[in-house]
Amino acid sequence: MTDVHDSPTGWVADHIKHYVETGGEQGHLWRGVPTLLLTTTGRKSGQLRRTALIYGTHGSSYLLVASQGGADTHPAWYLNLTANPEVQVQVGPDQFTARARTATEQEKPELWAAMVAIWPAYDEYQTKTERPIPVVVLDPIS
C-alpha cells in the first residue's frame, strides 16, 4: 500500500506505527484486547486512511463497533466504508481485503453482545448518544 494516511490522533498513530513495524507482534493486543488495522478509502479525498480498532470474530468474519466513544456522529472510518465497502485489513501479521457491511437489525443483538464481552464500555458509549452505534461485519474476500 502506498500513501496511506494514518489516524491524526497521536496515540492511535503510534499504535499503528508499532503494529506495522513489528508485523503485528506489537499492537495486536492493546489493553488486553485484540486490535486490527483497517484501511478505508476516503469518501471525499479518495486517499487511503488507516486506523486501529478493537475487533471480535463471528465465524470467518471480523466485527467492529463504530462507537467513537459515544460521540453523536459516526467515526470517519465508518462513513468511508459505507461509501466504499472494499477495505484492507491487517490482523497480526495477516493482511487481506475484505468487504464491509453494517450488521442488520436481526444480527446486531448477538454481535453487539459479542463485542461488549470484549470491550464492556461499548454499552456505556451507547448511553451517551441517541444514534444507534453500528456493528460492522468484515467478510474477507478470497
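Nothing in this text is a laboratory measurement; each read-out follows from the coordinates by a stated rule. In this text the structure is predicted, and so the values were computed from the model without any measurement. Neighbour counts run over all protein chains shown; Cβ positions are idealised from the backbone, glycine included.
Starting from the Cα of LYS44, draw a straight line to each of the aspartates and glutamates and keep only those under 18 Å, dropping any in the same chain fewer than 8 residues away.
Cα-Cα hits under 18 Å: ASP3, ASP6, GLU86.
Could you work out how much longer the chain between ASP123 and GLN47 gets when fully extended? Use 0.36 nm per residue separation minus the Cα distance between them, nm to one decimal.
Numbers: separation 76, 0.36 × 76 = 27.36 nm, distance 3.21 nm.
Value of the extension gain: 24.2 nm.
Please label the shape of the chain as rounded, prolate or oblate, based on the square roots a ≥ b ≥ c of the eigenvalues of the alpha-carbon gyration tensor (a/c under 1.5 means rounded; beyond that, a/b larger than b/c means prolate, else oblate).
Details: a/c = 1.36, a/b = 1.28, b/c = 1.06.
Here the chain falls in the rounded category.
Where Lys and Arg each count +1 and Asp and Glu each count -1, what net charge lies around THR22 among other residues with Cβ under 14 Å from its Cβ? Show your work: numbers first, answer last.
Values: positive: LYS17; negative: ASP14, GLU21, GLU25, ASP94.
With Lys, Arg at +1 and Asp, Glu at -1, the net is -3.
Expressed in nm to one decimal, what extension gain is obtained for the pair TRP11 and TRP30 from 0.36 nm per residue of sequence separation less their Cα-Cα distance? Walk me through the numbers before you get to the answer.
Working: separation 19, 0.36 × 19 = 6.84 nm, distance 1.17 nm.
Length difference between fully extended and current span is 5.7 nm.
Suppose every K and R has +1 on its Cβ and every D and E has -1 on its Cβ; what is the size of the dipole of the chain about the Cα centre, in Debye to the nearest 20? Don't skip to the end; give the middle numbers.
Values: 11 positive and 15 negative charges, 60 e Å.
Approximately 280 debye in magnitude.
What FRET efficiency, computed as 1/(1 + (r/R0)^6) with R0 = 22 Å and r the Cβ-Cβ distance, is obtained for GLU110 and SER60, rounded to the nearest 0.05?
Values: r = 16 Å, r/R0 = 0.72.
About 0.90, to the nearest 0.05.
Can you find, among SER45, ALA13, THR129, the residue sitting farthest towards the positive end of the charge dipole of segment 4-140, where Lys and Arg contribute +1 and Asp and Glu -1 at Cβ?
Towards the positive end, the residue furthest out is SER45.
Given H placed 1.01 Å from N in the peptide plane, which residues other than close sequence neighbours of TRP30 have an amide H under 5 Å from its amide H?
THR35
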